[in-house]
Amino acid sequence: MKKFFIFFCSLFAAVAVSAQDVNQATDYYNNAVGFYSNGDLDAALNNFKKAHEVAKQCGEDGAEIVADCETYIPKLGILLAKDKAESGDYDGAVAKLTELSALCESMGLTSDVEKFNKMKPQFYMQKGNKAIKAKDYATALKAFDEVLALDPNNGKAALLKGQLLLSTNDVEKAKSALELAMANGQEKAAKRQLANLYVKEAKTASGAKNYAQALENAKKAISYDETEANAYYLGGIAAQALKNNTEAISLFEKYLELKPAASNSQAVRQVVEALKKGGKTE
């Protein structure tokens, strides 16, 4: 009889504690709803977290509160992150998502974690675009690097990074970024940038009388944009200087095909005719 009495008392105490915990979880939950209604999202989130923590210990009695909290916590996290981004605190927005990712992962909310991870590079893209408008190119470049660290196949970030690097004359890194952009949905724009870049390099090499390099760069420009007339012209000059007349003729003729009314078209035609006859040109 004594053992039964002790067991009954223990059971009663456990039920009482469970009821007390559910009441506490309910209070936290109601407080969270109140804070949310008043626009205090941080306080709402903190109280939902407390309600979840307490209700989780109550088993079936707290299951409904747990489920509701696991619905509202991710939504609040997104709202808080967006608020920070809208105020210009993009790093704070990403930090908030990182914090919520860890919390949601501990709750087993994998779909929400995936959603947060997709949002992070979007905030850094916003940061980079805003920095470009403000002509803060160093910040923009860093932001696009942050995008690519989270999303290595983000073609738009790679394209913008490449354009920024070109503006600072960091040519080799620009080429790598543009190649990445080209492979990830930004083929047309990236090829245009690369073609322009190699035309400039062909012109520089030609001016330095490095005709082999000029011809190579001209061909690279053409490989990115077969309609880049200046690449054919510069390539023709380089091929002619290297005494590769057949290639020079082919390149000059393509230039004339693309720009038949160019101011130098008549002179180029004369060069082509002379090369075909095996004569000398000035």
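Derivation of every value follows stated rules applied to the coordinates shown; laboratory data play no part. Every value quoted in this text rests on a predicted model; they were computed, and no experiment measured them. Because the Cβ atoms are built from the backbone with ideal geometry, glycine has one as well, and the counts that use them run over all protein chains shown.
Annotation: extensible slack from residue 133 through residue 83 equals 15.9 nm (criterion: 0.36 nm per residue apart, minus Cα-Cα distance). One chain, two ends: residue 167 and residue 102. Fully extended at 0.36 nm per residue, the span grows by 19.5 nm beyond their Cα-Cα distance. Think of it as helices only: each DSSP H run of n ≥ 4 in the chain is worth -39500 (n - 2.57), and spread over all residues that comes to -27500 deg cm²/dmol at 222 nm. Look at the alpha carbon pairs under 8 Å that are at least 6 residues apart: their mean separation over the length of the stretch 143-282 gives a relative contact order of 13 percent.
Over all other residues within a Cβ to Cβ distance under 13 Å of residue 35, the charged ones net out to -1, with Lys and Arg as +1 and Asp and Glu as -1. For the chain, the fraction of C-alpha pairs farther apart than 34 angstrom is 52 percent. 3J(HN,Hα) along the stretch 234-244, derived from phi through the Karplus expression 6.51 cos²θ - 1.76 cosθ + 1.60 where θ = phi - 60°, amounts to 5, x, x, 4, 5, 5, 4, 5, 7, 6, 9 Hz, with x in place of Gly and Pro.
For residue 277, the aspartates and glutamates whose Cα falls under 17 Å of its own Cα, not counting residues fewer than eight places away in the same chain, are 247, 253. As a rough guide to protection, the peptides 258-270, 128-140 ranked by mean Cβ packing within 10 Å, highest first, stand as 128-140, 258-270. Phi-derived couplings, Karplus 6.51 cos²θ - 1.76 cosθ + 1.60 at θ = phi - 60°, listed residue by residue for the stretch 191-207: 4, 4, 5, 5, 4, 4, 4, 6, 5, 4, 5, 5, 5, 5, 5, 5, x Hz, with x used for Gly and Pro. Selection among 140, 43, 271 by position relative to the dipole of the chain gives 271 as farthest towards the positive end (Cβ unit charges, Cα centre). Normalised by the number of residues in the chain, the mean separation of alpha-carbon contacts (under 8 Å, six or more apart) gives a relative contact order of 7 percent.
Please list 3J(HN,Hα) in residue order for the stretch 87-103, calculated via the Karplus relation 6.51 cos²θ - 1.76 cosθ + 1.60 where θ = phi - 60°; whole Hz, with x for glycine and proline. Taking θ as phi minus 60°, the curve returns 8, x, 8, 5, 5, x, 5, 5, 4, 5, 5, 5, 4, 5, 4, 5, 5 Hz for the stretch 87-103.
Extension gain, residue 276 to residue 261: 0.36 nm times the residue separation minus the Cα-Cα distance gives 3.3 nm.
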